[in-house]
């Protein structure tokens, strides 16, 4: 059975949400929510991220198979905005191997309730928004702007049943996904700043 997670989808509400997150003081929870928003990875993948998974020269995040829901490694292209978020997080992580260390124990990442509690502090009651909801938010916007469905599904790390097709998708859609992820970060930035939306660059 598919689980549906609460999410917002109206552009003006998305812009307000990201503005509220960006207004938080520097902390692991703030950076984690922004990473969820811009990469639309699963919250657990974001929370448990380690610095050694990131290739900053290639602007890629390599998530190992053991941390993925479906047990397959996943490469996440990183936008310019995400690289800046990671740069800020690096300065705040106090030397931890985790991108989002716990404020109480640097050898641990933030806990599974951190994002939920942050949404409550930001004024989002239960049933309105979740960290997992960023995935639905991104999928809706990207589909509405007619980005290739296969590239969206691959970015969401949804498993392709046909192994040959899955391997093809992984190779063929990386360039598209890099353009798509940058477009989406630009889209979020435009909503935050109430400026013109980016042009489609498919």
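Scanning segment 74-95 for residues that are in a loop (DSSP other than H, G, I, E, B), in contact (Cβ under 8 Å) with a residue 12 or more places away in the chain and more than 13 Å from residue 60 (Cα to Cα) turns up 93, 94.
Every listed requirement among (1) surrounded by 14 or more Cβ atoms within 10 Å (Cβ to Cβ); (2) on the phi > 0 side of the Ramachandran plot is met by residue 71 save one, (1).
The residue that is surrounded by the fewest Cβ atoms within 10 Å (Cβ to Cβ), among those in segment 118-157 that are under 26 Å from residue 64 (Cα atoms) and free of Cβ contacts under 8 Å to residues at least 24 places away in the same chain, is 149. Among the candidates 151, 131, the residue that is assigned to a helix (DSSP H, G or I) and in contact with a helix residue (DSSP H, G or I) (Cβ under 6 Å, 6 or more places away or on another chain) is uniquely 151. Taken together, the residues in segment 12-23 that are loosely packed, with under 15 Cβ neighbours inside 10 Å, in contact (Cβ under 8 Å) with a residue 40 or more places away in the chain and over 21 Å from residue 111 (Cα atoms) amount to 2.
Within this structure, residue 50 fails the test of being touching a helix residue (DSSP H, G or I) at 6+ places or on another chain (Cβ under 8 Å), on the phi < 0 side of the Ramachandran plot and surrounded by fewer than 17 Cβ atoms within 10 Å (Cβ to Cβ). In segment 24-47 there is at least one residue matching the filter, namely being loosely packed, with under 15 Cβ neighbours inside 10 Å and within 24 Å of residue 130 (Cβ to Cβ).
For segment 53-73, which positions are outside any loop (DSSP other than H, G, I, E, B), out of contact with any strand residue (DSSP E or B) (no Cβ under 8 Å at 6 or more places or on another chain) and closer than 16 Å to residue 99 by Cβ? Of everything in segment 53-73, just one residue is outside any loop (DSSP other than H, G, I, E, B), out of contact with any strand residue (DSSP E or B) (no Cβ under 8 Å at 6 or more places or on another chain) and closer than 16 Å to residue 99 by Cβ, namely 67. Checking segment 38-47 against the condition returns a match, with at least one residue being in a helix (DSSP H, G or I), farther than 27 Å from residue 145 by Cβ and touching a helix residue (DSSP H, G or I) at 6+ places or on another chain (Cβ under 9 Å).
If we keep just the residues of segment 74-95 that are more than 16 Å from the chain's Cα centre (by Cα) and loosely packed, with under 13 Cβ neighbours inside 10 Å, which is modelled with the highest pLDDT? Ranking the qualifying residues of segment 74-95, first place goes to 91.
The values are calculated or read from the model by the stated rules, or taken from the named source; none is laboratory data. This one's a predicted model, so the numbers in the text were calculated from it and none came from an experiment. All Cβ positions, even for glycine, are placed from backbone atoms using ideal geometry, and neighbour counts span all protein chains on display.
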